[in-house]
Each structure stands twice: as C-alpha cells, then as structure tokens.
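Reviewing the structure listed below.
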Amino acid sequence: MKMLGSRRVGASQVVRPKSTIFWILRWAAILATLAFFSFPTVWLLSISFKPPIEWMAFPPTLVPRNPTFDNYVVLFRPELPKGTAGAMLRVTEPVTKSFVNSFIIVPVATFISVVCGFLAAYAVTRFRVGGAFMPFFVLTTRMFPPAAFAVPLLLYYRWLRLIDTPIGLIVIYAGFTLAFSLWMTKGFIEGVPRHVEEAAILDGASPWRVLFTITLPLVKGGLAATTLFVFILNWTEFLYALIFTSTRSITVPVQLSHYVGAVGRFYGPQAALGVVASIPVVALGYMIQKYLVTGFSFGLLKR
Amino acid sequence: MENKLGPERNVLLSLKGVHKEFNGFVAVNRIDLDVYEGEFLCFLGPSGCGKTTTLRMIAGLETPTDGEIYLKGQRITHMPPQQRNIGFVFQNYALFWHMTVYDNLAFGLRIRRLSPKEIDRRIREVAERFELTDVLRKKATYLDLSSMQRVALARAILIEPYLLLLDEPLNNIRPGLRELMRADLKRMQRDLGCTMIYVTHDQEEAMTLGDRILVMNEGRVEQIGSPLEIYQQPVNLFVAGFIGRPPMNLIPVQYEVTAEQAWVVWKGYRWSVNSVKEQVEKSKPERGLVLGIRPEHVRLSPEGLGIPALVEVVQPLGRKDILVLKIEDTLLQAVVYGGAKVREGAIIWVEVPLRDAHLFSADTGRAVAHGIG
C-alpha cells in the first residue's frame, strides 16, 4: 500500500526517490532468477566442450579446463573415435539422418496441425460447427496418457505398414497437437471483433475471402505463436518416436537416447547434440519474433 | 399515419410480419414496415428493444424466425448478406484495422472486380467529400474517432448500396463533435439522396435526423410517423412518456358526466371534455383516464387563477427553467422562460391548457384524444 502510494503521481503527492538498497535488492533478485533459469543451458554448453575425464569431475567446473570439439565431431563422424569417449561409443550412425528425419517430419506435421487447427477453430467459433461440445471433443485426445494410445496405434500401423516411416510420425504428430492448435487459435479468433468480419461480408466478401483477407491477417501473430509452440512440442516428442521408429525414421530425441553405453552415459556427445538440436527452435523463434510480440499479448486486437 | 413524403414515393424495403426469437426470448415481435426510397428513417427505442436486431435482419446478418423481407420488390428473407448490396455502418465502425484507409475503401470495389483505375477514381472522389484525402495511406488503427466514422461511412457508400443502415454511429463521439457530425450526416443524406435507416436510442438525434421515426419498445413497433406527429400525437402512453424532454406529465384522472356535460376530474379540479366526448365514451372511461401535458405546455397564470403549486426545485437552463412543482402529493414538471424568476419554496399558480393536452386510456394505454377543446 505504501509502495503503491509513493508511486502514484498526484497533485498532493511527491514521488519518493528509490533508495540504493531498493535498487541493489531489485537487481540481485533479477540476476538470481536469471542465473537459476539459465544455468541448465550454460551447463549443457559447458559439458558439450568437455573431454570425457571432466564430465563427472568433482568439484565440477563451469569452464572446461581442456575444451574440445570432439563431442561435436563424434556426432557426425562416429567412425572416428577419439579418446575414451570414442572407444566406448556404440553409436555407429551419424546424427545427420535423424536431423533430416526431424526436419521433414516436424515442420510438415506442425504445418498440418496449425492449418487444420486454425480452420477448425474458425469453423467452431464462427459457424458453431459440431455444436458447443466440439472443441472439448477434440481436447479428449489429450485426456489420456500418450501410452494408452500406443498399443492400438501400433496394431493399426503394422497393418498399414506405417511403422518406421516419416508419414506415420507426421500423422501422429499432427493429430496429437491438433487440440493445441485448435484451442490456441480459437482464443485469437475470438479476439477479432465479429463486426469487422460482418462489415466485410456486407461489402460482398465470401466466407473464404473474409477468412483470408480479414481474419487471417488479424490473427497472424497468434498463428506465429501457435506455430512455434506446436513446433517445439513436435521437435521434442520422444515416446511415439521411440515406439514407432526403429532405424530408418528415427528423430533427434531418439538419437539423443542412443548415447548411452554399457558403462554409462555419454554426457559429452549428448550435450553436444542437445546444443545442436536446440538451434532450429531458437532460429524459428528468432525468425518470427516480430509476430510473437502481438501473439503473446493476447487480445491486442480488441477495440 | 400516411408518411409526409407522400404516396408517390416508391417502397424500397418492406417488412411483413418479421419476427425474431432467441431461445424463446422474443427480440422482435411481428413487425410490418414500409421504407420509401430516399427517406431517412430512424429506429428509436430504449436499449434492448429490438431495433438493432431488426437492422441486422434487414442486412441479412440475422435470419428472421418468421415473416418476410422484400427489397425492391424482391424477397430477400433468406438471401445471403453478400448479395443484398446493403451498406452498414457499425457502432464501432468495424474498420479493417490491418489495412490502410485506401484499402478499406477499396475492399468492396475490388470484390466487384472494378478496374484499379475506376476504383482509384471513385475513392478519390469520395475521399474528397469526406475529407479523407490526407489519411488515405494511413493504417485504419491510427485514425481519430471522427475520421474512423467517416471512413466507415465512405466505405459503406462506395459500394453504391440500395440502402444504408447505421447502427448508433455517433455513440462514441464526444458531445459537441456529435452535433456537428449529425449535421454532416443529414447534409450528406440530402446530397446523395440515398435511403437510410438509422438506429439510435437518443430521441434528439432521431427527431433532428429522421424524415420519419419508428418508435420501438419490447420488440414491437409503437408508432411510425414524422417527428412532429410523434411529438404531437403520441399513440400511447409509452410514446408519450418516451418522446420529449423533460417527459410529459401523466396525471391519472376520473371521468364524470353531469347533466350531459363531460368532465375529467382531478383533485377537485375539473376540465370540460365535451368536444371529445364521443371518443372518450368509446374508450371505457370508467376504467380510468390519464391526462398528458408536456412540461413546455404548462403555463404560469396570475395569482388566484388556476391551480396553486409549491415550487420544489428550479433547474435553470439559461433561457428557460425547468420547474418541479408539487400539487398536494403529485409532482408536475413545467418549462418556463428564465425571465419568470421563480424561486424555490414559493407558491405559484399554473394552468393546464387542454388545447395542448392528451387523453389516454388508463386501461389500454392507447391515446383517446389529442388537443381538447
């Protein structure tokens, strides 16, 4: 109350200057929070440059004592073992294949999911397609643990010969993230005033024209946010990728799990792969950040 | 009830028994209406009376539960709104916020596949008359309210609609500017000669703008007529109480006949209503009558003449004062010229001239007579 009072600028009130202690505490809190949340990322980066001897060294060091690129090299050239890491490594496939797979499966699945989710959300909000219960019905795909779907899907997939194919994973990914796409875009579509669409209709625009020239441009920030969100979900999905792929169509998260040997975990290559795998997500976020600002400030359109 | 525009005008739009229910709630109750070409018609009524719903049904944004709508003789009840060629100005203007003013204006014309050259010519022309030339390249979001309103109007007019519908377009405009824009609108309607239906809950707006006014209440049409008709001959108690500010004084009175003379009696005062005896007799006066007198028609009279009244409140408005008078236990409002110098607490004498009064049936609420004697 006191703080609120001192902040308000009124005729009878004077803004009290903040004390030095306030600023010190404030910055301490900010830095502590920042350190807490960025530590795992920093640690990942650090390990990815450490030689095997330092992975488990005690006391741990944040900066590698003998920095090396071996962990990265081993990802792409597993046949060039170096040091103890290489000797124990049983992975014979370079990560290139899993990256190619992920780069095909994830964007395609994300695209299908967001496009279908957006169109479905539009139909549901503007035309009440399927009745009021429809959006909740779609949400039921997220109500059960993913493992519950695994066995029936496995049976169908074997029958349809979709196991270990990119198409198989694309269908699963698009299907399971559809509920997210629908619900997220639904919120943005509801933020577009109905009158704006009606004005376009009265100007003579067909429903598709209204959708593409009025609604879509007004929710593009929301679509960008949804795309990034769904992309991350798909990019990091592990369970279905593990179950439905074996060799040809493995994705990056599955590849990541392969750096476990008979003796222990290969923290170095794993960390290196983690760093490499996070690059596409960061890059995508960077590319669409212009739209993300409006996307994350829900309801900017309300006028 | 014939419109003042005369019968030679063509009927442009016709509503026949148009009815709308939302989940059992009757929003619009069997409306019949003819709108003539070139007229400025105002829908007037309190919020929630169904005026906007009626407008939306004409535009095709809502489908009537029952009844038919005809535009230029063609039945359009179930025609999609895209094909009706009706312009609509929304309360919040509903501009395409992500587009420039130019693109907003061009939207309907591009759908009509006009050549870019023709579109440009028409936009320049309209922009000129609406003083929008300077903001054509601006994003719609960055406009001030008055420009937004003009863009909304210009956009609706550019498609050359058969009919222009306006849903409280001046609601968000601050007073002062409002009156200016109102005058603009009226001038523009005259110049363009287009037919307009204008929805408002502001009677001043309706009175000043409309060639005719349709007074709505609880989904029903109470009265259609020229502003003067509605002011001078309200058909029932609702219209009488709704139109005019301050509102009409409504006084419950008794009806008496003594020796072939007909009287209305109130608190020992009596007025002869012989001249309208026939109408009064027909309205079952034994169930009670209501005498209506507008505050501006209540007159001060010399001391000792008329009815003595205690001045409760004086509300000076400069050129005139609004008085709240107390006669025994009844409150009466009167508008008098400010020069009368009436003081609060004083006793004054007033007169209720029956020539300007109205009689209503207390039972049905319908008007029995206007201007007695």
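The values are calculated or read from the model by the stated rules, or taken from the named source; none is laboratory data. None of the values given here were measured: they were computed from a predicted structure. Cβ sites come from the backbone with ideal geometry, for glycine too, and all protein chains shown count toward neighbours.
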Residues located in the range B:309-345, provided they are exposed (fewer than 15 other Cβ atoms within 10 Å of the Cβ), free of Cβ contacts under 8 Å to residues at least 60 places away in the same chain, out of contact with any Gly (no Cβ under 9 Å at 6 or more places or on another chain) and assigned to a strand (DSSP E or B): B:313, B:315, B:326, B:331, B:337
What number of residues in the range B:57-83 are free of Cβ contacts under 8 Å to residues at least 40 places away in the same chain and either acidic (Asp, Glu) or within 11 Å of chain A (Cβ to nearest Cβ) (or both)? 6
Just wondering, is there one or more residues in the range A:198-218 that are away from chain B (no Cβ under 14 Å) and part of a helix (DSSP H, G or I)? no
Elements of type strands (runs of 3 or more DSSP E) contained in the range B:231-300, each with 2 or more residues being within 30 Å of the chain's Cα centre (by Cα): B:249-258, B:289-293
Could you tell me whether residue B:90 is closer than 22 Å to residue A:215 by Cα, within 14 Å of chain A (Cβ to nearest Cβ) and in contact (Cβ under 8 Å) with a residue 60 or more places away in the chain? yes
Residues being without any contact (Cβ under 8 Å) to a residue 24 or more places away in the chain and exposed (fewer than 14 other Cβ atoms within 10 Å of the Cβ) - total across the range B:225-256: 2
Out of the range B:178-208, which residues are in contact with a Lys or Arg (Cβ under 7 Å, 6 or more places away or on another chain) and closer than 19 Å to residue B:33 by Cα? B:199
Output the residues belonging to the range A:157-197 that are over 27 Å from residue A:125 (Cβ atoms) and touching a Leu at 6+ places or on another chain (Cβ under 7 Å). A:168
Please return the ranges of strands (runs of 3 or more DSSP E) entirely within the range B:3-79 where 2 or more residues are more than 18 Å from the chain's Cα centre (by Cα) and among the small types (Gly, Ala, Ser). B:11-22
Kindly check whether there is at least one residue in the range A:85-103 that is within 30 Å of residue A:137 (Cα to Cα) and either modelled with pLDDT of 90 or more or surrounded by 15 or more Cβ atoms within 10 Å (Cβ to Cβ) (or both). yes
Could you identify the single residue in B:103, B:167, B:134 that is more than 10 Å from every other protein chain (Cβ to nearest Cβ) and either of a type outside the set (S, T, N, Q) or surrounded by 21 or more Cβ atoms within 10 Å (Cβ to Cβ) (or both)? B:134
Among the candidates B:145, B:185, B:136, B:165, residue that is closer than 26 Å to residue A:218 by Cα and at pLDDT below 90: B:145
Taking the range A:181-196 and keeping only residues that are surrounded by fewer than 21 Cβ atoms within 10 Å (Cβ to Cβ) and within 12 Å of chain B (Cβ to nearest Cβ), one is left with A:191, A:193, A:194, A:195
Among residues belonging to the range B:364-373 that are at pLDDT 90 or above and under 14 Å from residue B:253 (Cβ atoms), point out the one that is surrounded by the fewest Cβ atoms within 10 Å (Cβ to Cβ). B:369
Being in contact (Cβ under 8 Å) with a residue 12 or more places away in the chain, surrounded by 14 or more Cβ atoms within 10 Å (Cβ to Cβ) and touching a Pro at 6+ places or on another chain (Cβ under 7 Å): is that true of residue B:20 here? yes
Is it fair to say residue B:301 is hydroxyl-bearing (Ser, Thr, Tyr) and in the same structural domain as residue B:211 (by TED's automatic domain parsing)? no
Among the β-branched types (Val, Ile, Thr), closer than 22 Å to residue B:95 by Cα and at pLDDT below 95: is that true of residue A:215 in this structure? yes
Could you say which residue among B:156, B:206 is in contact with a Pro (Cβ under 8 Å, 6 or more places away or on another chain) and either of a type outside the set (Phe, Trp, Tyr) or outside the structural domain of residue B:40 (by TED's automatic domain parsing) (or both)? B:206
Every listed condition ((1) surrounded by fewer than 22 Cβ atoms within 10 Å (Cβ to Cβ); (2) closer than 22 Å to residue B:160 by Cβ; (3) in contact with a His (Cβ under 6 Å, 6 or more places away or on another chain)) holds for residue B:30 save (2)
Scan the range A:116-153 residue by residue and report those that are in contact with an Asp or Glu (Cβ under 8 Å, 6 or more places away or on another chain) and either in a loop (DSSP other than H, G, I, E, B) or surrounded by fewer than 17 Cβ atoms within 10 Å (Cβ to Cβ) (or both). none
Residues of the range B:111-130 being facing chain A (nearest Cβ under 9 Å) and outside any loop (DSSP other than H, G, I, E, B), in sequence order, are B:111
Please go through (1) within 14 Å of chain B (Cβ to nearest Cβ); (2) of a type in the set (A, V, I, L, M); (3) crowded, with 21+ Cβ neighbours inside 10 Å for residue A:225 and return the number of the only condition it doesn't satisfy. (1)
Would you confirm whether or not the range B:172-188 contains a residue that is closer than 19 Å to residue B:31 by Cα and in the same structural domain as residue B:95 (by TED's automatic domain parsing)? no
Index of the failed condition, residue B:95 passing every other in (1) surrounded by fewer than 20 Cβ atoms within 10 Å (Cβ to Cβ); (2) within 8 Å of chain A (Cβ to nearest Cβ): (1)
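Yes/no per residue for (1) at pLDDT below 90; (2) charged (D, E, K, R); (3) over 28 Å from the mean Cα position of the chain (by Cα):
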residue	(1), (2), (3)
A:8	yes, yes, yes
A:15	yes, no, yes
A:45	no, no, no
A:54	yes, yes, yes
A:68	yes, no, yes
Search the range B:143-152 for residues being part of a helix (DSSP H, G or I) and away from chain A (no Cβ under 12 Å), and hand back the single one that is surrounded by the fewest Cβ atoms within 10 Å (Cβ to Cβ). B:146
